[in-house]
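Dropping the structure in here first, questions after.
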Amino acid sequence: MNKPTAHWIDVPHACLYVEQAGTGDPITMLHGFLVDSDQWDYEFATLAQTHHVIRYDARGFGRSTIEPGRYAHHDDLAAVLDACGVQRTALLACSGGAATSLDFACAYPERVSALIFVGAGYWGRFADSTPAARAFLQALSTFDANGLIDSSLRAFTDGPRRARNEVDPTARKHTETMTTQLFKRAVSYWTYAAQDQQAPTPSTLERLHEIDLPTVLIVGSEDVPEVHALSKELLEGMPHARMFVVHGAGHHANLEAPVQVLGIVQEALAAALVD
């Protein structure tokens, strides 16, 4: 892989950290909202051998800043692509990154070649059906950083059915490092999420039938029930969606099963080119 280039992009009320590498058809990676763009280390390095890869920290995550003020995540994505000189791209996205991608696909359908989601989420669809998920929401209400780190790992990395020692220790530690960085920040996305973020009206979930794009949904078998339910909703609502279950993986399935998930991603990208 050619050495990645890193730069910052100014957007209203934030400065976004962006990395890109490689040449070829673009693929842009959007991380989940408990981690940062380091979620895609393996995919970024590998796909840069064949594609123009882009990844960035969403506002208030990783190395990106955030300030008070109204914004929409899909507008941030448009700004990143414009700054990188990319008109059309595949989107590889996890959790909250998938929500951004859905909104972007509705707003700018001509700019998306394919959608590939890992543990898809959407605004307001919080998990609350397990004790660990409810503990996370409680910690979020008081912004208890240590409680957020512990409960998020138990709820989403371990999942409802696994003990900590049943999870790949390297994947769990990598997730813990990113989650700790997020919730130990003085100011993060979660500080302003409730009052400053703008979501489309009507919700993109009411417009799924309009997203006429090749779509692949990847779900870890050990992810929370709400993620499985939303993925099924997307599968039924989007005209060209397919779903794959990665057995033995939690919410960030690509971290626990990187080779398997990458294979699904590569097949999806090849199929999108044929289409």
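Values quoted throughout were computed directly from the atomic coordinates according to the rules given, and no laboratory measurement underlies them. Here the structure is a predicted model, which is why all the values come from computation and not from measurement. Glycine gets a Cβ as well: all are built from the backbone with ideal geometry, and neighbour counts include every protein chain shown.
Pairs only if they're at least six apart or on different chains, beta carbon under 7 angstrom, first in segment 128-141 and under 11 Å from Phe156 (Cα atoms), second part of a loop (DSSP other than H, G, I, E, B); list them, first residue then second.
Within 7 Å, the pairs are Thr130/Pro160; Thr130/Val224; Ala133/Ala127; Ala133/Val224.
Quick one: which of Ala249, Ala241, Ala270 is without any contact (Cβ under 8 Å) to a residue 40 or more places away in the chain and either out of contact with any helix residue (DSSP H, G or I) (no Cβ under 7 Å at 6 or more places or on another chain) or among the aromatic types (Phe, Trp, Tyr) (or both)? Reasoning before the result, please.
On the way: Ala249 fails: either out of contact with any helix residue (DSSP H, G or I) (no Cβ under 7 Å at 6 or more places or on another chain) or among the aromatic types (Phe, Trp, Tyr) (or both); Ala241 fails: either out of contact with any helix residue (DSSP H, G or I) (no Cβ under 7 Å at 6 or more places or on another chain) or among the aromatic types (Phe, Trp, Tyr) (or both).
The unique qualifying residue is Ala270.
So which of Leu92, Leu30, Leu16 ends up being touching a residue at least 24 places away in the same chain (Cβ under 8 Å), in contact with a Gly (Cβ under 6 Å, 6 or more places away or on another chain) and of a type outside the set (Val, Ile, Thr)? Show your work before the answer.
Working: Leu92 fails: in contact with a Gly (Cβ under 6 Å, 6 or more places away or on another chain); Leu16 fails: in contact with a Gly (Cβ under 6 Å, 6 or more places away or on another chain).
Within the list Leu92, Leu30, Leu16, the selection yields Leu30.
What about Phe61, is it buried (at least 21 other Cβ atoms within 10 Å of the Cβ) and touching a Lys or Arg at 6+ places or on another chain (Cβ under 8 Å)? Can you show your working first?
On the way: buried (at least 21 other Cβ atoms within 10 Å of the Cβ): yes; touching a Lys or Arg at 6+ places or on another chain (Cβ under 8 Å): no.
In short, no.
What do you reckon, is Phe44 hydrophobic (A, V, I, L, M, F, W, C), in contact with a strand residue (DSSP E or B) (Cβ under 6 Å, 6 or more places away or on another chain) and touching a residue at least 24 places away in the same chain (Cβ under 8 Å)?
Details: hydrophobic (A, V, I, L, M, F, W, C): yes; in contact with a strand residue (DSSP E or B) (Cβ under 6 Å, 6 or more places away or on another chain): yes; touching a residue at least 24 places away in the same chain (Cβ under 8 Å): yes.
When the stated conditions are applied, Phe44 passes them.
Does at least one position in segment 75-93 carry a residue that is in a helix (DSSP H, G or I), surrounded by 18 or more Cβ atoms within 10 Å (Cβ to Cβ) and among the β-branched types (Val, Ile, Thr)?
Yes, segment 75-93 contains a residue that is in a helix (DSSP H, G or I), surrounded by 18 or more Cβ atoms within 10 Å (Cβ to Cβ) and among the β-branched types (Val, Ile, Thr).
Restricting to segment 73-98, what's the tally of residues that are within 15 Å of the chain's Cα centre (by Cα) and of a type in the set (Gly, Ala, Ser)? Let's see the steps before the verdict.
Going through segment 73-98, the residues within 15 Å of the chain's Cα centre (by Cα) turn out to be 73-74, 76-77, 90-98.
Now drop any that are not of a type in the set (Gly, Ala, Ser), which leaves 90, 93, 95-98.
The total comes to 6.
Can you tell me how many residues in segment 151-187 are over 21 Å from His228 (Cα atoms) and in contact with a Phe, Trp or Tyr (Cβ under 7 Å, 6 or more places away or on another chain)?
1
Mind listing whichever residues of segment 1-18 are within 11 Å of His52 (Cα to Cα) and either of a type in the set (A, V, I, L, M, F, W, C) or under 16 Å from the mean Cα position of the chain (by Cα) (or both)? Please lay out each step first, then the result.
Let us first name the residues in segment 1-18 that are within 11 Å of His52 (Cα to Cα), namely 1-2, 4.
Residue satisfying the conditions is Met1 alone.
Which ranges mark the strands (runs of 3 or more DSSP E) fully within segment 1-73 that have 1 or more residues being within 17 Å of Ala253 (Cα to Cα)? Steps first, answer last, please.
Working: elements: 5-11, 14-21, 26-30, 52-56.
By residue number, 26-30.
Follow-up question, since we're still on this one. So, in segment 94-103, of the ones that are touching a strand residue (DSSP E or B) at 6+ places or on another chain (Cβ under 7 Å) and not small (Gly, Ala, Ser), which residue ends up surrounded by the most Cβ atoms within 10 Å (Cβ to Cβ)?
The first filter runs over segment 94-103 and keeps only residues touching a strand residue (DSSP E or B) at 6+ places or on another chain (Cβ under 7 Å), leaving 94, 97-98, 100-101.
Going one step further and asking which of them are not small (Gly, Ala, Ser), we end up with 94, 100.
On the way: Cys94: 28, Thr100: 25.
Among them, the one singled out is Cys94.
So Glu110 fits all but one of (1) touching a Pro at 6+ places or on another chain (Cβ under 9 Å); (2) surrounded by fewer than 16 Cβ atoms within 10 Å (Cβ to Cβ); (3) in a helix (DSSP H, G or I); what number is the exception?
Here Glu110 meets the rest and fails (1).
When segment 174-220 is examined, which residues are found to be in contact (Cβ under 8 Å) with a residue 24 or more places away in the chain, exposed (fewer than 15 other Cβ atoms within 10 Å of the Cβ) and among the acidic types (Asp, Glu)?
Glu210, Asp212
How many of the residues in segment 117-151 are among the small types (Gly, Ala, Ser), in contact with a Leu (Cβ under 8 Å, 6 or more places away or on another chain) and more than 16 Å from Ala253 (Cβ to Cβ)?
The number of residues fulfilling the criteria is 1.
Can you pull out every residue in segment 142-173 that is outside any helix (DSSP H, G or I), more than 30 Å from Pro214 (Cα to Cα) and touching a residue at least 40 places away in the same chain (Cβ under 8 Å)?
Filtering segment 142-173 down to residues outside any helix (DSSP H, G or I) leaves 143-144, 159-163, 167-168.
From what is left, the residues that are more than 30 Å from Pro214 (Cα to Cα) are 143-144, 160-163, 167-168.
Selection gives Phe143, Pro160, Arg161, Arg162, Val167, Asp168.
Can you say whether Leu235 is out of contact with any strand residue (DSSP E or B) (no Cβ under 6 Å at 6 or more places or on another chain) and of a type outside the set (Ser, Thr, Tyr), as far as the supplied structure shows?
Working: out of contact with any strand residue (DSSP E or B) (no Cβ under 6 Å at 6 or more places or on another chain): no; of a type outside the set (Ser, Thr, Tyr): yes.
Here the answer is no, as Leu235 does not meet what is asked.
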